[in-house]
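Heads up, the thing below is written out as structure tokens.
Derivation of every value follows stated rules applied to the coordinates shown; laboratory data play no part. Values in this document were obtained by computation on a predicted structure and should not be read as measured data. Using ideal geometry, Cβ is built from the backbone for each residue, glycine included, and neighbour counts are taken over all protein chains shown.
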There are 2 protein chains.
Amino acid sequence: MSFHLHPRLAVDTSLIGDLELCRVLLMNDARYPWLILVPRRDDLREVHELSGADRLALMNESCHVAETLQGLFMPDKLNIGVLGNIVPQLHVHHIARFQTDPAWPGPVWGHSSAQPYPSEMRDRRVAQLRGAFGL
Amino acid sequence: MSFHLHPRLAVDTSLIGDLELCRVLLMNDARYPWLILVPRRDDLREVHELSGADRLALMNESCHVAETLQGLFMPDKLNIGVLGNIVPQLHVHHIARFQTDPAWPGPVWGHSSAQPYPSEMRDRRVAQLRGAFGL
């Protein structure tokens, strides 16, 4: 099945790998452990446009990602969001939030510009996440 | 089964009714058609803390709410969010977004203070939504 990642998502992230339904991407912002799930289906904008089987897969993969972030980073709270007001391709943000992070207690979206990972730190984080997901 | 709505959620919303899993609340902000789903389970903060059956019910009810908002209001985009950085009780925002709304294309959370519905308009909106959900 064909799947095309929106170029804006490609530019802003590093590839972790593919789960059964979703591509897992690391947002290139060193201030927050921030993963984006993109269902590998073309031409979708909303969760409810997924088939019944894909809805269930998305819920399961979202919970798996949430539990993994919880286990690795022990955040104070997880934030999950489907916005897509700017990038229309359906994608689901998963962000580990801390009371000490710059945007707390507000949302990270629209707060301020991303602070890219230094490249060595990004490589380590990608490797850590691939290991945690077995990808 | 006991269920206690967080007082902050009670103050900020009007009751639409109960689906099988979730209480449906209308956020008292006339600028956005904005529904909040609260799984009627005590002591949960994160989606992944739900049982497998409840996760599936939440996905189904979330999609039902999204489709209902889409059908009633024909928004440019739906925004769905699980934040809970301030109100710890697990709750899921569903917001019909328009390119003409005050926060577009940013998130509504943290943008500005709510503008409460005039009471007659709120009554009409509650009745409209109860009708749409058969509640």
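So the values come out like this:
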| item | result |
| --- | --- |
| Degrees between helix A:119-133 axis and first principal axis of chain A (Cα, 0 to 90, nearest 10) | 50 |
| Cα pair distances in chain A, grouped into 10 Å bins until the bin that holds the longest one, percent each | 12, 45, 36, 7, 0 |
| Neighbourhood charge, 13 Å Cβ-Cβ cut-off, centred on B:D42 and excluding it, Lys, Arg +1 and Asp, Glu -1 | +1 |
| Shortest-first nm distances, B:L72 label point to equivalent points in other copies (7 Å, Cα→Cβ) | 3.9 |
| Averaged over A:61-67, number of beta-carbon atoms from partner chains that fall within 10 Å | 3 |
| Dipole of chain B [Lys/Arg +1, Asp/Glu -1 at C-beta], most positive-end residue of B:S62, B:Q115, B:L44 | B:Q115 |
| Choice from B:N85, B:N60, B:N28 with maximal GNM fluctuation in chain B (Cα, 10 Å cutoff) | B:N85 |
| Among B:H111, B:H94, B:H64, residue whose mean-square fluctuation peaks in a GNM of chain B (springs only between Cα atoms under 10 Å) | B:H111 |
| Other-copy label distances relative to B:L5, 7 angstrom Cα-Cβ extension, nm | 4.2 |
| Label spacing, shortest first and in nm, from A:I86 to its equivalents in the remaining copies (7 angstrom along Cα→Cβ) | 2.2 |
| Chain B: calculated mean residue ellipticity at 222 nm from DSSP helix runs of at least 4, using -39500 (n - 2.57) | -10500 deg cm²/dmol |
| Value of D in µm² per second that Stokes-Einstein yields for the stretch B:1-71, Kirkwood Rh from Cα pairs, at 10 °C (1.306 mPa s) | 123 |
| Distance histogram for the protein assembly as shown (every C-alpha pair counted, 5 angstrom bins, percent rounded to whole numbers) | 1, 5, 13, 18, 20, 18, 13, 7, 4, 1, 0, 0 |
| Calculated log₁₀ intensity ratio I(q)/I(0) where the Debye formula runs over C-alpha points of the stretch B:81-135, q = 0.21 Å⁻¹ | -1.11 |
| Around A:C22: net Lys/Arg minus Asp/Glu count, Cβ-Cβ under 14 Å | -1 |
| Charge context of B:H4, other residues only, Cβ under 10 angstrom, K/R +1, D/E -1 | -1 |
| For the protein assembly as shown, size of Cβ-based charge dipole, Lys and Arg +1, Asp and Glu -1, in debye | 340 |
